[in-house]
């Protein structure tokens, strides 16, 4: 059993880095969607949503950096091209969305996909005894679940 420089099994670390790269690709697509709806939102909710979408894409940009740095810490190489992002993301591209409900629904759908991936990584990082990745996923999940709840409340929908 070969350990890497942070004391984790080398193969498990590389496998976790692969999962994190998939998450990174999805986060990058989510980020681009947030930028698009921030720029293109129209209607009576413009001021509130424009500001909220900026808050979300700023936070997402920070998370993208954290994920990439974790991939590097585990010995992997983070994706860094649009080709990589599009080829490895399950999040739908939100193009030319201007309506408030459609924009908020895109966020809910995107977060659902991110949460699925994060929970998968959470289980794998727990099994690998990788507290760094585990803590990151736990923090992301907690924050995103709250965002989904808030967005669903805005849509007047149940969780």
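Just so it is clear, none of the values below were taken in a lab; they were calculated from the coordinates. These numbers were taken from a predicted model, which means no experiment stands behind them. Neighbour counts run over all protein chains shown; Cβ positions are idealised from the backbone, glycine included.
Points to keep in mind about this one:
- In the chain, helices alone account for a calculated mean residue ellipticity at 222 nm of -26000 deg cm²/dmol, with every DSSP H run of four or more residues adding -39,500 (n - 2.57).
- Two-site label geometry, residue 3 and residue 83: point separation in nm, points 7 Å out along Cα→Cβ: 3.9
- Pairwise Cα separations in the chain fall into 10 Å bins from 0 onward with the following percentages, short to long: 11, 39, 30, 14, 4, 1.
- Inter-label distance, residue 22 to residue 141: 1.6 nm, where each label sits 7 Å from its Cα along the C-beta direction.
- Likely footprinting exposure, 137, 150, 1, 32, fewest C-beta neighbours within 10 Å first: 1, 150, 32, 137
- Residue 112 versus residue 14: modelled label distance in nm, points set 7 Å from Cα along the beta carbon direction: 3.6
- Subtracting the Cα-Cα distance of residue 46 and residue 58 from their residue separation scaled by 0.36 nm leaves 2.5 nm.
- Cβ-Cβ FRET estimate between residue 98 and residue 155, R0 fixed at 22 Å, reported to 0.05: 0.85
- Cα-based shape type of the stretch 92-159, given that a ≥ b ≥ c are square roots of the gyration tensor eigenvalues and the cut on a/c is 1.5: prolate
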